[in-house]
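Heads up: the structure comes next, in structure tokens.
Values in this text are rule-based calculations from the coordinates and carry no lab data. Note that the structure is a prediction, hence the values are computed from the model and not measured. Positions of Cβ are backbone-derived with ideal geometry, glycine not excepted, and every protein chain shown enters the neighbour counts.
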Amino acid sequence: MGRLDGKVALITGVSSGIGQAAARLFAKEGAFILGVDCDAAAGQALTETLQQQNLEFQFLAADLTTDLAPAAIVERCYQLYGRVDILYNNAGISIVEPFSQVNQTSLDRLFAVNFTSVFRLCQEAIPGMKRQGGGTIINTASELAIVAQPFFTAYCATKGAVLAFTRSLALEYARDNIRINALCPGPIDTPMLQQEFETESDPAKAREESIASIPLGRLGRPDEIAKVALFLASEAPPLMHGSSIVVDGAKTIF
């Protein structure tokens, strides 16, 4: 028996990286999954792969920045499975640029994807969780919600907002048996991180410098973060509300 047998999980950002690793792992652990991403082609490819393995996975292509998307996503999950037991707000983007060059367009997009979609999806999912007697929410923040990094001012602001929001929300719904926690990954070897390296004049050197900043001596892997998300979704004790789990190879304490 899987650790998520019979549970319904809604996961955003499943086209690559951590979200895809989580979708694969959660499905193997018995969850019924609705995966959401704006990359329809990658989402369909993942659907075919998992369904060929007789795993329960459905995909919905959606732009999380649109006003109607959160309600439509949760409604689709109810149409497919009748409930939402686990909401994993994983989707995120980064923009690397000096503070003086951050414009309103990039700032608005960062907040729309990284924070507002998290806020709105929680608003849509929590009423059903209350009716069914509980649920689990995992919000992806970042090590950069805790420590700072130059040229990531806007990104740090969005992830700091996720962390503060998660703590406040956990307090509000603790007595409703809804466990709400934040997951704070460090540098993980994903396409998004590689895109960040590509903004540098020497991407290979940027990668080496990132690795050098990690006491463990390597980048994290998406499956390592997915395993922590699985713990939060399945085995975390009822006492665990409003926590932030940092998974970064000791980078933030170095």
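On full extension of the chain, what length is gained from residue 5 through residue 78, given 0.36 nm per residue of separation minus the C-alpha to C-alpha distance?
Numbers: separation 73, 0.36 × 73 = 26.28 nm, distance 1.75 nm.
Using 0.36 nm per residue and subtracting the Cα-Cα distance, I get 24.5 nm.
Cα centroids of the stretch 87-114 and the stretch 213-254: how far apart, whole angstrom?
So the two Cα centres are separated by 22 Å.
Can you compute the helix-only [θ] at 222 nm over the chain? Use -39500 (n - 2.57) per DSSP H run of at least 4 residues, normalise by all residues, nearest 500 deg cm²/dmol.
So the helix-based figure for the chain works out to -14000 deg cm²/dmol.
When the Kirkwood hydrodynamic radius is evaluated over all pairs of different C-alpha atoms of the chain, what value in angstrom, to one decimal, is obtained? Walk me through the intermediate numbers first.
Working: mean 1/r = 0.0545 Å⁻¹.
Hydrodynamic radius (Kirkwood, Cα pairs) of the chain is 18.3 Å.
Given a 10 angstrom Cα cut-off, can you work out which residue in 159, 130, 205 is the most mobile in a GNM of the chain?
Highest fluctuation among the options: 205.
At a Cα cut-off below 20 Å, give the aspartates and glutamates reachable from residue 227, other chains included and same-chain residues fewer than 8 away excluded.
Here the aspartates and glutamates satisfying the reach criterion relative to residue 227 are 5, 29, 56, 85, 143, 189, 235, 248.
Over the alpha-carbon set of the stretch 152-254, work out the extent along each principal axis and list the three values in angstrom, largest first.
That works out to 51, 27, 25 Å along the principal axes.
Please list 3J(HN,Hα) in residue order for the stretch 126-141, calculated via the Karplus relation 6.51 cos²θ - 1.76 cosθ + 1.60 where θ = phi - 60°; whole Hz, with x for glycine and proline.
So the Karplus estimates, Gly and Pro as x, are 4, x, x, 4, 5, 5, 8, x, x, x, 9, 10, 10, 10, 7, 9 Hz.
When the chain is fully extended, how far beyond the present Cα-Cα distance does residue 223 get from residue 103, taking 0.36 nm per residue of separation? Each step should come with its number before you reach the end.
On the way: separation 120, 0.36 × 120 = 43.20 nm, distance 3.41 nm.
That pair, residue 223 and residue 103, stretches by 39.8 nm at full extension.
So what are the three principal axis dimensions of the stretch 91-187 from its Cα atoms, in whole Å, longest to shortest?
Here the Cα extents, ordered largest to smallest, are 47, 24, 19 Å.
Packing-wise, with mean Cβ within 10 Å as the measure, how do 82-92, 243-253, 34-44, 112-122 rank, highest first? Let's see the in-between values first.
Details: 82-92: 24.2, 243-253: 16.8, 34-44: 19.7, 112-122: 22.0.
Packing order, densest peptide first, comes out as 82-92, 112-122, 34-44, 243-253.
Can you list the lysines whose alpha carbon is less than 21 Å from that of residue 130, not counting same-chain residues fewer than 8 positions off?
Straight-line reach from residue 130, under 21 Å: 7.
Name the long-range amide H neighbours of residue 7: under 5 Å, sequence gap of 5 or more, or other chain; modelled H, no Pro or chain starts.
Here the answer is 32, since their amide H atoms fall under 5 Å of that of residue 7.
Please state, as a whole number in µm²/s, the translational diffusion coefficient that the Stokes-Einstein equation yields for the stretch 131-204 at 10 °C and 1.306 mPa s, with Rh defined as the Kirkwood radius across alpha carbon pairs.
113 µm²/s
Can you tell me the convex hull volume per residue for the stretch 64-117, based on C-alpha atoms, in Å³ to the nearest whole number? It would help to have the intermediate numbers written out before the result.
Values: hull volume 3.9 nm³, N = 54.
Dividing the Cα hull volume of the stretch 64-117 by its residues yields 71 Å³.
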